[in-house]
Each structure stands twice: as C-alpha cells, then as structure tokens.
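Read-outs: derived from the displayed coordinates by stated rules, not from any lab. Keep in mind that this is a model prediction, so the values were computed, not measured. Using ideal geometry, Cβ is built from the backbone for each residue, glycine included, and neighbour counts are taken over all protein chains shown.
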Amino acid sequence: MKIEHIEAIPLDMQLEEVFKGGTYQVASRPTIVTRVHLANGVVGETYGGDEFHTQTEIVSVMRDHLAPLLLGQDVRDFQRLWEAMFNVNVDLGNRGLHQLDMHPRGILLQAISALDNAMWDARGKLYGVPVYKLLGGSRDSVPVISIGGYYPKNGEDPAEAIAAEVDLVRSVGCMGIKMKVGRASLEEDLARVRAARQAGGPDFVITVDANQGWDPLDAIKFCVAMERADLGVRWMEEPIKWYDQTDGLMLLSTRTTIPINVGQGEISGRACRDLIQKGGVSILNLDCTLCGGVTEWQRVADMAKLMNVEMAHHEEPQVAIHLIAANPHGLFVEIFANKRRDPLLWELPDGFPDIANGYMKVPQEPGFGIRLRPEVIERYRID
Ligand SMILES: [Mg+2]
C-alpha cells in the first residue's frame with residue numbers, strides 16, 4: 001500500500017502562565033501534526049513532540065530529507081522504512097546531521113519519530129486494528145498519573161500548593177502525581193513530597209522527577225531521606241545531571257531501593273541498553289516522539305522485558321496509551337491534569353482522553369483511534 005503524500009504541520013500555543021521544574025521552565029506548547037496519505041485514501045495522522053527551539057528544523061528535515069525516502073513505498077514495511085530513515089545522510093550544505101555535534105541528532109530522531117508514528121496510525125487504519133492490538137494488546141485500559149507539582153509561585157505556601165494540586169489531580173480521575181524536585185534545597189523538596197503524601201493518603205501514587213538536577217551524592221541523600229521517611233515513592237525520575245548517566249546512576253542504584261526511572265533524555269535504543277547494563281536502572285521512560293517512534297520504542301520495550309526492566313513513557317498520552325497498553329511491563333500513562341499546562345491535549349483530539357477511577361481507556365478505533373480537530377490545527381499552525 002503506497003505512500004502518496006506527506007504533511008508536517010508545526011503548531012504552537014502560548015501558555016497563560018510559566019511552569020517551573022527542577023532545571024527548566026515552560027512558557028508555550030508547541031507540537032508537530034504529521035499526516036501520511038496512502039494511495040487508497042487512508043490518512044495516518046498524529047501529533048507529538050514539544051520542541052520549541054528546533055521545531056522549524058525538524059519540520060524541514062521531515063519535508064526535505066525523509067519524506068522523499070518514503071513516497072511511493074509500501075507503508076506496511078516498517079522495519080525497512082525505519083532503517084532507511086535512520087541511516088540517511090542529511091547533508092545541509094554546510095555540515096550535516098550525522099556528526100559528533102550533540103544537537104543535530106535530536107533533530108533527526110524527532111523527525112523520524114513523527115513520521116514513524118503517523119505511519120503506525122496509517123497501518124492501524126489499513127488493517128482495521130488499534131495500534132496497541134498490532135503491538136500485543138496486553139489490556140484495554142491503563143493506569144494514569146498527572147505530571148504536576150511544579151514549584152509554587154512567589155508567596156504561595158509549598159505544602160498548601162501541593163495539597164491543592166493533589167485534589168486537582170484526583171478530580172480529573174488520575175491515581176497519582178509525578179511531582180517536580182531538584183530546584184529547591186533537599187530539605188524543602190523533602191517537605192513538599194511529605195506534604196503530597198499527607199494530602200494523598202497511603203494509596204495515592206507519588207513519583208518524583210528531578211529532571212537531571214543533582215550530582216550522584218545529592219541524589220543518594222534525597223533518596224535515602226525519602227526511604228527513611230517512608231514516603232512510598234513509586235519511582236525516582238532522572239535524578240542525575242546529564243554528564244554522569246550510567247556510572248552515577250549505577251552508584252545511586254546500589255544505595256537506594258527506590259526504583260530509578262530514566263530514558264526521556266535519551267534518543268537511541270543503544271543508549272537505553274547502556275542505561276540498563278551500566279546504569280542499573282529499573283524503569284525506562286523512553287519517549288516515542290524523541291527516540292525514533294513506535295518502531296524503536298517497542299524494540300527497547302522487548303529488550304527491557306528480557307532484562308526485568310519496566311516501561312514508562314514520558315508525556316504524549318495520545319501515543320503512549322497504545323504503547324503502555326500493548327506491553328505487560330508497561331506502567332502508567334501521563335497527562336497534565338492542569339489544563340493550563342497542556343491546553344492542546346484538551347482541545348486538539350476529539351473525545352480523548354477518556355479517564356475515570358484512575359484509568360484511561362485505550363481508544364478502540366483503528367490506528368491511534370484519535371481524530372484531530374482540523375479547526376484547532378488551523379488555529380495554531382505557525383507555517
Ligand atoms: Mg521527566
């Protein structure tokens with residue numbers, strides 16, 4: 001079934017407030033809508049990514065360098081098409097994307113991801129099957145947590161702020177929260193996690209995310225303190241600064257029983273292999289809008305299963321729901337319960353997400369099963 005036409009549409013929307021995590025802040029919500037048109041009229045369509053600085057470059061690589069490799073090809077051949085994209089040499093006239101500079105690789109992998117994911121939607125529609133059924137179909141609904149617990153604004157009481165957010169997360173139907181740490185002192189962050197546990201009660205799922213904010217010794221101090229306080233934290237996410245992955249993570253894993261979750265900061269399956277073998281991590285939250293799409297994410301998930309490592313997914317519930325539902329070792333799907341943090345999730349898809357009593361239902365229509373509202377795409381497109 002031949003691919004006839006490909007569209008890459010950049011969107012961006014300004015947020016009403018700025019959200020602060022351990023090492024960064026967020027002021028807008030960009031994403032890329034990708035459409036893959038097949039000869040029989042089927043259109044694969046999805047959105048993903050939230051890259052701001054290099055969004056234009058990603059769209060250019062999709063349109064000018066990767067789409068020509070796919071046009072006229074059979075969309076069903078996902079291994080062959082993925083290798084063709086991954087092994088492309090993108091000559092930009094002055095330097096290219098395959099060199100030892102760090103940044104360009106991320107541009108290439110995000111471009112591959114957007115196309116690979118849209119092709120999976122097309123495959124599902126072609127076969128008349130939801131993507132999670134194509135990949136394995138472990139279950140029809142998935143536990144859902146909310147990303148939140150950003151740092152309070154000036155004047156807000158940190159304990160009251162996190163308690164209010166726990167209430168909000170519950171009101172949306174999530175069974176837990178992933179809260180930010182790593183920006184304040186260890187004592188202040190510990191007090192915020194304790195306040196979240198007090199507000200949530202014993203069954204509320206709490207995970208903490210430092211966004212690579214600490215050196216290994218501070219990460220050890222924080223994890224040991226959380227264990228001593230018996231806070232019941234489900235995982236510690238991205239504890240250690242970017243330059244000390246593997247060895248730093250391995251050191252931490254020998255000092256704490258709290259599962260360590262990393263992977264959203266990596267863009268290759270080989271890096272995930274090293275995080276397991278050399279970093280001793282327990283969970284990978286690889287992101288299929290960054291790592292090369294559903295094809296590579298599922299390869300990593302298969303590797304992880306054989307190495308007793310669980311799979312999470314960083315954000316992107318519109319695709320992550322299918323990946324977590326397909327895999328028996330998948331954990332939670334993540335949303336932003338605060339609609340001001342991710343207004344696109346609540347405006348762009350029609351009838352998604354469907355959340356109740358801590359679980360999100362997997363859309364049952366073919367492909368990702370999510371229709372994007374064309375009028376919303378037109379409102380926020382920036383090309
Ligand atoms: Mg994270």
For the chain, find the longest principal axis of its Cα atoms and tell me its angle to the long axis of helix 294-306, 0 to 90°, nearest 10.
50
Rounded to the nearest 10, the angle in degrees between the Cα long axis of helix 216-228 and the longest principal axis of the Cα atoms of the chain comes to 60
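Counting each DSSP H run of 4 or more residues in the chain as -39500 (n - 2.57), what helix-only mean residue ellipticity at 222 nm follows after dividing by all residues, to the nearest 500 deg cm²/dmol?
Counting only the DSSP helices, I get -11000 deg cm²/dmol.
From the gyration tensor of the Cα coordinates in the chain, what semi-axes in whole Å does the equivalent ellipsoid have, largest first, with each one equal to sqrt(5λ)?
33, 23, 20
Would you mind calculating the gained length between R273 and E83 on full extension (0.36 nm times residue separation, minus the Cα-Cα distance), in nm to one decimal? Write out the running numbers ahead of the final one.
Values: separation 190, 0.36 × 190 = 68.40 nm, distance 1.87 nm.
Taking R273 through E83 to full extension adds about 66.5 nm, to one decimal.
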Return the single residue from F352, F336, F86 with maximal mean-square fluctuation; model: Gaussian network over the chain, springs between Cα atoms under 10 Å.
F86
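Under a Cβ-Cβ cut-off of 13 Å, what is the net charge of the residues other than L249 that fall near it, where Lys and Arg count +1 and Asp and Glu count -1?
Details: positive: K241, R255, K278; negative: D215, E237, E238, D244, D247, E266, D274.
Its environment carries a net charge of -4.
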Taking the Cβ of G292 as the center, what net charge do the other residues with Cβ under 13 Å away carry, scoring Lys and Arg +1 and Asp and Glu -1?
-2
The stretch 310-383, relative contact order [Cα under 8 Å, separation at least 6], %:
26
Using 20 Å as the cut-off for backbone N distance, which residues of the stretch 135-150 belong to the label zone defined by a point 7 Å from the Cα of V172 along Cα→Cβ?
141-150
By average C-beta atoms within 10 angstrom, highest first, the peptides 257-267, 135-145:
257-267, 135-145
What percent do you get for the relative contact order of the chain when only Cα pairs under 8 Å and 6+ apart count?
21
Cut-off 10 angstrom, C-alpha nodes, Gaussian network model of the chain. Which of Y359, Y243, Y47 fluctuates the most?
Y243
Taking each pair of different alpha-carbon atoms in the stretch 133-361 once, compute 1/r for the pair, average those values, and report the inverse of that mean as the Kirkwood hydrodynamic radius in Å to one decimal.
17.8
So the angle from the long Cα axis of helix 186-200 to the longest Cα principal axis of the chain, reported in degrees to the nearest 10, equals 80
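Over the stretch 133-361, what is the relative contact order in whole percent, taking alpha-carbon pairs under 8 Å and six or more residues apart?
24
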Once each part is reduced to its C-alpha centroid, what is the distance from the stretch 319-383 to the stretch 42-91 in angstrom?
22
With θ set to phi - 60°, apply the Karplus curve 6.51 cos²θ - 1.76 cosθ + 1.60 along the stretch 315-325 and write out the HN-Hα couplings as whole Hz, x wherever there is a Gly or Pro.
6, 6, x, 4, 10, 4, 4, 6, 6, 5, 6
